Amino acid sequence: MFKVPEGYILIKKEEYEGLKRTILEMSNMIEKLTRRIEELESQLSKNSSNSHKPPSSDGLKKKIKNNREKSGKQQGAQPGHKGTTLQFSEQPDETISCKVEGYCECGEDLRLIPAKGIERRQTIELPKKLIKITEFQIEVKECKCGRTHKGFCTQTYRIGYGKRFKSLMVYLNQYQFIPRERLQELVRDYFGISISDGLLESICNECYNQLEATEVSIKEGLIQSLVNNFDETGIRNEGDTNWIHSCSNKQLTHYSISKKRGKEGIDEKGILSEYKGVAVHDRWKSYDGYSCEHALCNAHLLRDLKFVYEELDRQWAKEMINTLIFAKRKRDEENLTHDIIRFIEGQYNHIIDLGMQEEPVEQPSPVKKRGRKAKNKSLRLLEVFKERKIEILMFMYNMDVPFDNNLAERDLRMVKLKQKISGCFRKRESADVFCRIRSYISTIRKQGYPVLEAISATLSGNPFQVFPVIYNPPAEL
């Protein structure tokens, strides 16, 4: 007769299989709950330095470690820096001569002695009257035949504002973001006159209409450009969340507003659908559907890597941070030789292999579920580096491609400032006016034009011309 050893129990095969499935299910459940706890805890650890959250969400009490490396330089101007100061004007509006008068202690009359030299001093001041009112008195004559004749006058309206005044209003409202009510207060306090909401709106609409051809020229230049930066940001419009899409490079900027963030909103702008150059963006999925070449923003990836390393304790993320920063340093030093590029690629591939070994292996679940299996943040990021290596390292292969997408974010910063000051757009027309005028202003600033003069030229019917960069196909990688 078979005797069961001490410490063992005898159960049926069906019961054993049932216990085995239960243990496996519990193990998978524990792993799933552990992963969920890890994700929830990680949300509390996210800030602007290790995620895509804006700095405004950090709060005042949090101490955020800056991602920038210390240069070791002292604060302030560095040795050899040429300082700047106010320069004398060679054409002052008024000259006051300060004569030497009286008598010297020796009794000599100082007025009779010729000047040895002139010491110059100048004061920059606002005039007491900041506006100039010109009246046209048009002579009217009646001929013996009964016909009436009037003198020629350049002004067609009875009373109104000149081009320079209108340009200043557009400049302060659309460029300096002074809201209408505060702008009206400023005009009343400084100029002693009152302006209406209707006037400000009509001036901006006039500028908007004059810039129609200029906007087309900007878009054509961007389509032909070798490299463009793309980004989008949310803004309130007509009581709903809309999206302002930007496309820009070092010389041109274009903004457009849409109710959609994805492909539909991007296509409304009409640039990326025709673009064949390199599109730099932040891994937003909608950009991937276009047939141009792509380059990913490494600033976003570095923040993601920092989070994975600091919060999830993945060593591969730390190694990848060092590799990307090393590659950027060599690029900035213009020292990306063929051997260094191959070395960086080898390090990159080695880190991917280490990461795959470091990620925990998930046990297969006995219960089949529909859809893709959920992955933790670390594994998802690792797969991005594995599958999109060329797009991440594009800045090494093409010197026209930047390391990050910071140019697009700098261009969109003014949009967020507009939202911070004004809160929203009440009408879609106002948003369209803002986008077109702001596209023009950003473009002429990049090309070195004075903004106020450019706006004045626009209201005169002759906006400044923009000069796009002609696209040249990149060499094969």
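The values are calculated or read from the model by the stated rules, or taken from the named source; none is laboratory data. This structure is a prediction, so every number in the text was calculated from the model and none was measured. Backbone-built Cβ (ideal geometry, glycine too); neighbour counts: all protein chains shown.
Inside the stretch 431-469, residues that are surrounded by 17 or more Cβ atoms within 10 Å (Cβ to Cβ) and without any contact (Cβ under 8 Å) to a residue 12 or more places away in the chain make up a count of 1. Among the residues making up the stretch 310-342, a single one is closer than 19 Å to ASP353 by Cα, in contact (Cβ under 8 Å) with a residue 40 or more places away in the chain and of a type in the set (Lys, Arg): ARG314.
Criterion applied to ILE30, ILE64 was being β-branched (Val, Ile, Thr), modelled with pLDDT of 80 or more, more than 30 Å from ARG120 (Cα to Cα) and surrounded by 10 or more Cβ atoms within 10 Å (Cβ to Cβ), and the one residue passing it is ILE30. Per the conditions (1) surrounded by 11 or more Cβ atoms within 10 Å (Cβ to Cβ); (2) modelled with pLDDT under 70; (3) among the small types (Gly, Ala, Ser); (4) outside any loop (DSSP other than H, G, I, E, B), the sole criterion not satisfied by SER56 is (1).
Yes/no matrix, rows are residues, columns are (1) under 29 Å from TYR449 (Cα atoms); (2) buried (at least 22 other Cβ atoms within 10 Å of the Cβ); (3) at pLDDT below 95; (4) in contact with a Pro (Cβ under 8 Å, 6 or more places away or on another chain):
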position	(1), (2), (3), (4)
ARG188	no, no, yes, no
PHE191	yes, no, yes, no
GLN210	yes, no, no, yes
ASN228	yes, yes, no, no
ARG236	no, no, yes, no
HIS254	yes, yes, no, no
SER286	no, no, yes, no
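Filtering HIS245, HIS254 for residues that are outside any loop (DSSP other than H, G, I, E, B), free of Cβ contacts under 8 Å to residues at least 40 places away in the same chain and under 17 Å from the mean Cα position of the chain (by Cα) leaves a single hit, HIS245. Note on the stretch 101-129: residues that are surrounded by 10 or more Cβ atoms within 10 Å (Cβ to Cβ) and in contact with a helix residue (DSSP H, G or I) (Cβ under 8 Å, 6 or more places away or on another chain) amount to 2.
The residues listed here are ARG164, ARG111, ARG158; of these, the one that is outside any loop (DSSP other than H, G, I, E, B) and without any contact (Cβ under 8 Å) to a residue 24 or more places away in the chain is ARG111.
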